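Below is one structure; the comments refer to it alone.
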Amino acid sequence: MRTPWYRLIEAAAPTRRLVCFPHAGASAGFYRSWADHVDPGTELCLIQYPARQERLREPMPDSIAELGGAIAAALRALPPLPTVLFGHSMGGFTAFETVRADRESPWEALVLSAAPAPGLRRPVGADTLGDRELVARLDGLSEAEQRLLTDPELGPMFLRTLRADLRLLDRYEIPRGEPIDVPLACFVADADPVCAPSAAAGWERFSRIPLGTTVFAGSHLYLAADPAAVVAAALRVADTAATNGSTRC
């Protein structure tokens, strides 16, 4: 089934699915290289948000909860497989809301990368600041993203997409309701200006099965430096959950 919500890199005989949620301003292609690092039995599902690339004319939903709900509905159309969700920065919040929107699917584990726990993220002012002021407030942009912002043609489009994503993050409220029953682990970098390890640890109260925090070397986009290590660590989280009998699959 074709859908604009994800790009599927299939495995010949899949035994697990790894769903990847990009950060603010990014697209599914950010995770394309991960196909080189998963084992042959892992199917890779790369989430593609609206308001970028081939979905440029589609508006973002009004909230991250709504965004997660739409993604959960799209994922339900796939054949059921034990599934690991990995979300970086904004993608972490979106992955979390995807799980909250569908508490019945076979989620093996949820890995939140460089995502401060709800209530601990500093808003950047996406609703109020002008373009220059907003860019000046941003930490953690890659060199490629910084170059893109200076491009006279592509820069304004990228900034509109980035602002739309950041607006959802700024408006995100502390979730109410029961904690999720999915094993939840946090990944952070030791020099990340956006998410300190202590801020990530606050996610523990939102899952009945917290699996702790793993600290990598690097800054906000640490995962781009060594994707193989991050992929391996994410899949180990799921293996640990299964071994401990804490997964619902």
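The values are calculated or read from the model by the stated rules, or taken from the named source; none is laboratory data. Owing to the predicted nature of the structure, the values given are computational and were not obtained by experimental measurement. Note that we place each Cβ from the backbone using ideal geometry, even for glycine, and neighbour counts take in every protein chain shown.
Summary table below
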{"read-out": "Checking LEU221 against (1) closer than 19 Å to PHE96 by Cα; (2) buried (at least 20 other Cβ atoms within 10 Å of the Cβ); (3) touching a strand residue (DSSP E or B) at 6+ places or on another chain (Cβ under 9 Å), the condition it does not meet", "value": "(1)"}
{"read-out": "Residue count for the stretch 62-71, restricted to those that are buried (at least 19 other Cβ atoms within 10 Å of the Cβ) and out of contact with any strand residue (DSSP E or B) (no Cβ under 7 Å at 6 or more places or on another chain)", "value": "4"}
{"read-out": "Residue among ARG176, ARG205, ARG160 that alone is of a type in the set (Lys, Arg), under 21 Å from ARG103 (Cβ atoms) and in a helix (DSSP H, G or I)", "value": "ARG205"}
{"read-out": "Of all residues in the stretch 81-115 being at pLDDT 95 or above and out of contact with any strand residue (DSSP E or B) (no Cβ under 9 Å at 6 or more places or on another chain), the one that is surrounded by the most Cβ atoms within 10 Å (Cβ to Cβ)", "value": "GLU97"}
{"read-out": "Hey, GLU145 among the acidic types (Asp, Glu) and surrounded by 16 or more Cβ atoms within 10 Å (Cβ to Cβ) or not", "value": "yes"}
{"read-out": "Test: residue in the stretch 108-131 that is over 19 Å from TYR222 (Cα atoms), in contact with a Cys (Cβ under 9 Å, 6 or more places away or on another chain) and not aliphatic (A, V, I, L, M)", "value": "yes"}
{"read-out": "Test: LEU56 is modelled with pLDDT under 95, under 27 Å from ALA126 (Cα atoms), more than 11 Å from the chain's Cα centre (by Cα) and not small (Gly, Ala, Ser)", "value": "yes"}
{"read-out": "Some residue of the stretch 215-223 being part of a helix (DSSP H, G or I), touching a His at 6+ places or on another chain (Cβ under 7 Å), under 18 Å from PRO22 (Cα atoms) and touching a residue at least 40 places away in the same chain (Cβ under 8 Å)", "value": "yes"}
{"read-out": "For PRO193: the one exception among (1) closer than 17 Å to GLY140 by Cβ; (2) modelled with pLDDT of 95 or more", "value": "(2)"}
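Yes or no, residue by residue, for (1) buried (at least 18 other Cβ atoms within 10 Å of the Cβ); (2) modelled with pLDDT of 95 or more:
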site: THR150; (1), (2): no, no
site: THR161; (1), (2): yes, yes
site: LEU169; (1), (2): yes, yes
site: LEU184; (1), (2): yes, yes
site: ALA228; (1), (2): no, yes
